[in-house]
Amino acid sequence: MSRKNISSGAKWEDIVGYSRAVRIGNIVEVSGTAPVDGDKVIGIGDAYAQTKFCLQKIEKALVEAGAKLKDVVRTRMFVTDITLWKEYGKAHGEFFKHIKPVTSMIEVKSLIDPQMLIEIEVSAVIED
């Protein structure tokens, strides 16, 4: 099976040695995706806006890998404040209400930038 690495162009990809997404065969794994555009954190203080931005970024990586949102089978949301679960969940539901992948929402102590409230990972299986 061939491997396709998808880059978002983030400076951290080369520093840390990772890809935004990797496709092998019909499987696509999307790396932890934070609400960052270049060096700018998007939606500071707004859990809904940050979640939506992350999911839009993830959708773009999936499309580049040849997948669609409907192929997503798992999402993992790492959040810094679980009490905002309704805001994270509202944005997640706008993307996945009818797809209904398995998901986890896990509260973590912090993310790489203290202004980030969420980081999301996705796994997808492309149906033949």
Which FRET efficiency, nearest 0.05, do Glu94 and Met1 yield, Cβ-Cβ r, R0 25 Å?
-> 0.15
Relative contact order (%) - region 58-128, alpha-carbon pairs under 8 angstrom, separation at least six = 50
Evaluate E = 1/(1 + (r/R0)^6) for Thr83 and Glu29, where r is the Cβ-Cβ distance and R0 equals 35 Å; express this FRET efficiency to the nearest 0.05.
-> 0.75
Range in the chain, longest, excluding exposed trypsin sites (Lys or Arg not before Pro) [loop by DSSP; at most 11 other beta-carbon atoms within 10 Å] | 1-96
Among DSSP beta bridges whose residues both lie in region 56-128, state the antiparallel percentage, nearest 5.
-> 55
In what order, largest first, do His92, His98 sit by accessible area if the probe radius is 1.4 Å?
-> His98, His92
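The values are calculated or read from the model by the stated rules, or taken from the named source; none is laboratory data. Worth saying up front: this structure is predicted, and the values here are computed from it rather than measured. Using ideal geometry, Cβ is built from the backbone for each residue, glycine included, and neighbour counts are taken over all protein chains shown. In case anyone asks, the SASA skips ligands and DNA or RNA and just uses the protein heavy atoms, side chains included. Shrake-Rupley method; radii C 1.70, N 1.55, O 1.52, S 1.80 Å.
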